[in-house]
Each structure stands twice: as structure tokens, then as C-alpha cells.
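Below is one structure, written out as C-alpha cells, with a few remarks after it.
Every read-out reported here was derived from the displayed coordinates using simple, explicitly stated rules and does not represent laboratory data. What you are looking at is a predicted structure, and each value in this text was computed from that prediction instead of being measured. All Cβ positions, even for glycine, are placed from backbone atoms using ideal geometry, and neighbour counts span all protein chains on display.
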Amino acid sequence: MRRILAIASLTLRAAFRYRVVLVMALLLVAGVIVLPLIIKDDGTARGFTQIILTYTLALTTTLLGFATLWLSCGILAREIEEAQMQMVVVKPIARWQIWIGKWLGIVALNAMLILLAGAAIYTIMQVRARNLTAKEQTILQNEVLVARKVAMEDTPDYEQISRDLIRERLQHEAPPEGLSIPALQTIIREQLKSRDQLVQPNQRRIWTIQVGPPSEVRDKPMTIRVRFDPPVPDLGERFMTFWEFGDLATKTQFETNFVMPSEAFVEFPIPPNLINDKGELHIRFDNRNEKALLFPEDGMQVMYRIGGFGGNFARGLGIVFCWLALLAALGLAGATFLSFPVAAFCTIGVLILSMSTGTLKQIIEENGIVAVDPNTGRVEETKVVNTLAVPVARGLLNTFNLARGFSPIDNLSSGRAITWTDLSQAFFQICILLSGGLAAIGIAIFTRRELATATK
Amino acid sequence: MSVLDTNAGGGQARENVIVVRGLTKVFKDFWNRPKARAVDSVNFEVKRGEVFGLLGPNGSGKSTTVKMLLGLLFPTKGHIEVFGHSPRHVATKSRIGYLPEESYLYRYLDSDETLDFFGNLFDIPPAERKQRSEQLLEMVGLSKARRRQVGEFSKGMQRRIGLAQALINDPDLVILDEPTAGLDPLGCREVKDLILALARRGKTVILSSHLLSDVEDVCDRVVIYYGGKIQAMGTLKELLATPDAMRITTPILPRATVEKVLEVIRRDVAEDKVRIDTPTQNLENYFLQVVNKARAQEADTSGATSGNRVAEYLRAGTAENSPSHQARVLDRLTRGDEPIAPAAPVVQVTDVESLSNKKLEQLTKHEVPPAPVPTPSAPPEKARQADLNKANEKLSSLLNKDK
């Protein structure tokens, strides 16, 4: 352990001596202070949150993310290129210890910087919140600076249902001509989704949401967070909405109706004690408009307060920290077999690929890379490349989603709780599974690599 | 002598520290096509306590061999054993000290931190680490520069701190790649004496160099590389002895005496085979004399000071721990009080078959110093004094500037 710690503290010392820490600290603090100064908020709690929390947290994450990649690539690749690594590997220290030591050093550096940035953001928030009106401050305290638990309706496994449906139908009928089985499955899946999510004019949709054990939510006021989209996007359009909450049987009901914009989340409060003995909340929505409205999968959320902002903020930063640890592992893994510029370029490429997963999703949804005719829904015969593309895309997407499945910044700025379970799950998936995988690859290559050259 | 028959001089069976068999290294390009055969079917062994020299011109495969011994490069073919293990065996490395041919140290660490870091890698406890660091810095003459970052050091100072880190673990095997590169003659001599001191303690030293004087002064046995192959191997005595000639050194003799001696010699040897001259000392010895004199007159330098006594932990528990030996190791070279031998002319005689071995022994007994360190011989004090003072001034200014 002394050896691993020696490498870690050397890495930290390098970052200090090369003034990486100083520059990053100045950049972070300047960003956190200056950004809210140059972008004016609109005086509402929501606008305030958007600028102070979302922007500054996103800035911090981006800055630290790129710096971590850059640093982790540099710290290993340059030590190998400049042959200092030769002096280390001839000492009684295993290569995995060197790799882990480097990783720990960068992780410790990130911990310091993220604590600094977090403290700066928290302070700025407290100071700037005083400028808001009393009413907006109340909204801020109730909607943003809280940790609220979110409950949503379970989404059915459309993939499985559509597959079962096709199998059942193919037992009685011949497959439709000119349409491959995967293409047919795509069509059925989309039909199933729209059947559930789309509310036609003069139709009613009912949600049954498992909110929580009745004892836990008794007497707690709740917030509904809802969003729907019209068939043709139009931001200016408003829709009249009619809502009923609670169980018909128990007669504890709450009704409300109001005009609501589309394509944006809207929050409104409902009184406590509307859930039934099973902890379920029934919600009914009547569409009395002339257009059909589509509620996306996360379009109906029930929220109630379970904690304060401080802890939530710390856990949110914890998830960001897990991401940074992953980036450190990615950078080091790249640097074990690539030179510094190439490693930096490649790992940043991987980062960008992981952030834009739209194409991957499309490949999976369309069952291949070949285009689907939007009019007929027909796909050309499945080719070899597609049989390979779909599992590869699925594998990549699932891997990326292990890290992307958390949205701490979004959660913090909408006052949604980041629980200890979320944080532990993030730690397990990001720091253990993904970083561990990258570490295994990095260490395997590092161990097999010759660290001297003919000339150096 | 066969390539594998390497039982150095003494004949007693000492354990092998290093065994190299059929070692070949082919460097390949990006497409895995052979680019250069840097080392080609090399065999040798190094016994415990030996100072073993790898000698050869630049690019002959010495450093590649050293890097394979350390596990920095992997052999294409062949087999290496270091203390009975593969060079990649981690635990074995705690017995090895390595000084690379260039300073590959962390430029942002100071001397103290450098030694502390490497000490940590050997899992040396903090108190021990501190003690050893202090002794080593004292030994390599950097105790005044312990807070200066290594990146600011001159090449010579970097070499000194490199040497210190190679010895932090009190290694059983010390591998030195061009150890005197970048050092001033004073430093070179200190390094060479240190190597000899280590060898006396039973440490094994591998020295790779293209500087013939380095190898000649300290090595028991050498291999000479050329083109990746071993061209010659053996003890220096075996390789360098010219068995058909001898040399007699005396103080300056009156002409009559010389005539008498020559007369005796001419009875056995033809006149054209006998040569008389005054031996010139080598430049290194002369330089050391001058510097020692300058130091006696006082000169404080801001750079590396001359090395001092060998670090205590490197001396502990050996016969050399006696005060007389300690004084010999480095101190002798750094103090201006070394007695200067009187000048001596040399009579060189070739083809002296008639002289018996017994006679030869008697003659050499009193003349040749027992230690491998060459004893400086010097011209008469008066005759050289003027030259010495002149050179003294020049070199003093050079030293102060260059440190």
C-alpha cells in the first residue's frame, strides 16, 4: 500500500507543481462566480435555478471532465515517453500498483477540485437567492432547494410484448410479404407505445402510480410534474387540461383544471392523503381538446419531499465525482498504449461518442444501419453488417448507459432526490464495473508493454 | 576461453547473480517487420561480488542488454535469470539498484523528495528512509542542494542524485549505465571508488560504458560488444596482459647507474629491444592533483560539492568499516593531502625470456599497489610547480563555473 500511495502522492504533487491545480481552481471559481453575473436570470425561481445550478454544475462537470482526461492521458503517456517510468518499474512495485496509484492520484485531485467547486456553487446560491422576491423564494425552497422523491408508472417492456405478439401471430399466419421480422417488430412496438401514451380527443387516460408506503407519505403535500406533446410541435400552443386525483372508492378526491403549455414540464401541487391503502395514487386526465396529446414515458411524475437540499447536492456531486473517476480510468487506459496526443484525441472521441447516443439508439430501433422507407416502413434485406451492427450498438449503448443512467444535474435543478441508493448504484456501475473494466484493460496492456525503446 | 566458461579468476564456485543464455533482441517496426538486431545470441554469467563491465561502441547493444536485465525490454529469444528469477519478477527488484544512462528523474521533485519517493517504492520505513537519504546526499555531495528541484540541476548533479537513488535500497546488484557520463573527473573518480567499495562488500556491479578508462579502473571481468554480439570476454588481466614485455620503474638515476643497468640488460637482450623514458601520469590523476590543491586553498562552490564518505548503511557490517578503509574510499580523493610519489623513469624491456618468474615477482612486489585504484605518480615537485599553479588557476575557475 505504501507503494501505491507513493505513486498517488507523486501524481498529486505533479499536478500541484505543474500548476494544474491552481489553474483549474481559478477557472472553476471564476466560472462559478462569473457565469451567473454575465447571464441574467429572469427573476423567477426557475430561471434562477437554471442559471445558478444547471449552468454552473454543467460547467464544472465539463471543465473537470476534459481536464481529467487530459491530465490522466498526459501523466502516464508522458512519463512513459520521457522514460521516468523506467525508473519506477525497475523498483519492486507491480505494474498494476503503478496504474492504480496514478488513478488514485487523479481521483484525489478531482475530489479536491469538486469540493472546491461545490462549495463555491453552494455559497453563490445562498447569496444570490436573497435577491429573489418573497414569493419566488418560497417556490425556490419548495421546488428546487429540496430533495423530493419521484414516483412514475412502470413502463411495460414493449420489446418483449411485441416479440410475443409476433410469435403468436406467426403461428397462425404467414409473415407479411416484403417486410422483415425485425421491421415488423419495430412497427408493432411503436404501435403499442402510442396506444398507451397517446390520448385521443375526448378520451381519458388513467395512471396508477405506486407512490410509497402510506405511512411514509401520510400528510405530505405532493407535487405533480407533467408534460405532454402535441402531434405537431408548436411551442406557442396552449391546451385546456382536466385532472382528477385519488381513489373513487375512498371518496378522497381532488379535481383541478387549467390551461397548460405543451413540450415543457409543468409542476402543480395536490393535497396530501390522496393515495389508497396500497400506496397507489390514481390520476385521470380528460383530453377535451381537438388534438391528440402524447405523454412521454416520464411525462407523469408524482413527487414529495423526503429531505433537504444540502445532502442532495452532496450526493449529486458524488455522482459527478464517479463520472470523473471513470474518465480518469479512460484516460489512463488510453495512455497505457498510445502516445499523449493520440490518447487524448481518442479518449475525448470516446467521450463525445458516449454523449451522443442517438445514432446507436436509431440503429437498434431500426434494426440496422440501412435506412427504413418512412412511407412503407420497409427495410431492405438484413445484411451481414446489420447482424453485426445491432448487437454492437446495443452493447455500446448498454455500456454507456451504465454511466449515463444518472442525471444528477437535472435532478438537482428540479429538486428531485438523489438517494443513497442512487449514489451507491452509481458508484457500483461507474466506479466498479466501468472503471474496473477499463482498469483491467489498461493494466493488462501496461503489464505487457515494453517501457524502454531502442534509443531511450 | 569459451564464452560460457566465466568463473572469474579465483576459481571458487560463487553463486551466479545473472545468467544470460542465447539472448537475442530484434526491434520491429509498426508492421512487425524486423528493423534491427540489437543483441544477437549473447551468453554470459555474472558472479556475486564481481564488477562486470559491458564495453562497446555506441549502439553495440550494451544498453539493450541492460534494459533486458531490468525487464524494461523483453527478449525476442533467449533466457535471462536475475537472482534465479525472471527479470520481471517484482520481489527480486528490491535487490537491484539501477542508474540509467540519462537522468530520467522527476524534474519537479527536489533531492530529498526524489530519494523519499524511491525509498517508498522499496517500502523502506520513514525513519530509515530519512536517514539513508541524508547519508546518500552527503555521499554524493548534494547535501547543500537538497531543497533544489532536480530539473534545475546540471547534468553532473543529476547524475549524482541518480546514483543516490540507485543505492537507496542498499542493493545486492547495482546496474550502472554510463555512470560517469556528465561527471567531472572528480566525480568520475568518486563513482569508480564507490563501485570498488561496493564490490568489496560483496555487492555485484554491472557497468555499461564506452569509456575505456572507467572499465579498466574498476572491472574484474568485461565483455566487449560489437554489432550486438560479444566479441571478447574475460578478466582484464587475461585480456590486457602482454606476456612478452616488462617494465621497471625507479626514481631518477644517475647516468652512470643507468649505463650499468643497461649493460647488464644488454647481455640478454638486443639493444633495439630496450627503451628508456620518463612515465607520464594520466590526465585524470593530474587533474585530481590540481583540484585537490585548489581545494586546500579554499573554494566554496554553489554546485555539487565533492562526495564525502560512503553512506554509513552502505558500509555497515563489512571489513571495510575500519577507519583506514573509510578514509580510503572517497576521502582520499577529496583532500589535498595525498602524498605525491616521486617521479620515476621507466625502463621497458621486451623479449626478456631469461628473467625468471621469481625475479619478476620480487620486482613487482614493491612497485605495484595492491588495490585496483591506480596510485598516482607525479613529477618532481619543483620542476612542475610552475605548470601546476597555472593549471590550478584555470581549473579552479572552470570548476566554479561548471558545477
Q) Lys/Arg Cβ at +1, Asp/Glu Cβ at -1, dipole of chain A taken about the Cα centre: which of A:N411, A:N287, A:I52 is farthest positive-ward? A) A:I52
Q. Can you work out the FRET efficiency for the pair B:N58 and A:E255, with r the C-beta to C-beta distance and R0 = 56 Å, to the nearest 0.05?
A. 0.05
(Q) Let's test the formula: R0 of 22 Å, r as the Cβ-Cβ distance of A:A440 and B:F30. What FRET efficiency results, to the nearest 0.05? (A) 0.30
Q | Whether segment B:58-177 is rounded, prolate or oblate, judged on the alpha carbon gyration tensor where a/c under 1.5 counts as rounded | A | oblate
Q: With the Cα gyration tensor of chain A in hand, convert its eigenvalues to equivalent ellipsoid semi-axes via √(5λ) and list them largest first in whole Å.
A: 45, 33, 19
Q. Stretch A:D157-A:Q126 to full length: gain in nm at 0.36 nm per residue minus the Cα-Cα span?
A. 6.8 nm
Q) Under unit Cβ charges (Lys, Arg +1; Asp, Glu -1), what dipole magnitude, rounded to 20 debye, does segment A:164-256 have relative to its Cα centre? A) 220
**Q.** When each of B:K130/B:K192; A:K456/B:K47; A:K456/B:K130; B:K155/B:K293; A:K193/A:K361 is checked by Cα-Cα distance, pairs over 20 Å
**A.** B:K130/B:K192; A:K456/B:K47; A:K456/B:K130; B:K155/B:K293
Q: Towards the positive end of the charge dipole of segment A:123-214, with charges on Cβ (+1 Lys, Arg; -1 Asp, Glu), say which of A:I166, A:N131, A:Q200 has the farthest Cα.
A: A:N131
Q: Could you list A:S339, A:S435 in order of exposure, starting from the residue whose Cβ has the fewest other Cβ atoms within 10 Å?
A: A:S339, A:S435
(Q) With +1 on the Cβ of every Lys and Arg and -1 on the Cβ of every Asp and Glu, and nothing else charged, how large is the dipole of segment B:28-156 about its Cα centre, in debye rounded to the nearest 20? (A) 380
(Q) As a test, work out the antiparallel percent of DSSP beta bridges whose residues both lie in segment B:69-207, rounded to the nearest 5. (A) 20
Q) What Rg and what Dmax come out for segment A:290-369 when only alpha-carbon atoms are used, in angstroms? A) 19.7, 62
**Q.** Along each principal axis, Cα extent of segment A:37-150, largest first, Å
**A.** 67, 31, 23
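Could you pull out the pairs from A:K91/B:K35; A:K220/A:K278; A:K40/A:K149 whose alpha carbons sit more than 19 Å apart here?
A:K91/B:K35; A:K40/A:K149, as the Cα separations exceed 19 Å there.
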Q. Taking the Cα-to-Cβ direction at A:I38 and at A:T419 and moving 7 Å from each Cα, how far apart do the two end points lie in nm?
A. 4.1
Q) Using alpha-carbon pairs under 8 Å, 6+ residues apart, how would you state the relative contact order of segment B:103-167 in percent? A) 50
**Q.** In nm, spacing of pseudo-spin labels at A:Q210 and B:T280 (7 Å Cα→C-beta vector)
**A.** 9.8
Q: Evaluate E = 1/(1 + (r/R0)^6) for A:L22 and A:L388, where r is the Cβ-Cβ distance and R0 equals 35 Å; express this FRET efficiency to the nearest 0.05.
A: 0.15
Q: Only Cα pairs under 8 Å and at least 6 apart count here; give the relative contact order of segment B:23-95 as a rounded whole percent.
A: 29
Q. Roughly how tilted is helix A:95-129, in degrees to the nearest 10 and between 0 and 90, from the longest Cα axis of chain A?
A. 50
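Counting alpha carbon pairs within less than 8 Å and at least 6 residues apart, what relative contact order, in whole percent, applies to chain A?
Numbers: 669 pairs, mean separation 104.1, N = 456.
So the answer I get is 23 percent.
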Q: Please name which of B:L198, B:T76, B:L176 has its Cα lying farthest along the dipole of segment B:60-208 towards the positive end, using unit charges on Cβ (Lys, Arg +1; Asp, Glu -1) and the Cα centre as origin.
A: B:T76
(Q) What distance in nm separates the two pseudo spin-label positions at A:E82 and A:E237, each 7 Å out from Cα along the beta-carbon direction? (A) 6.1
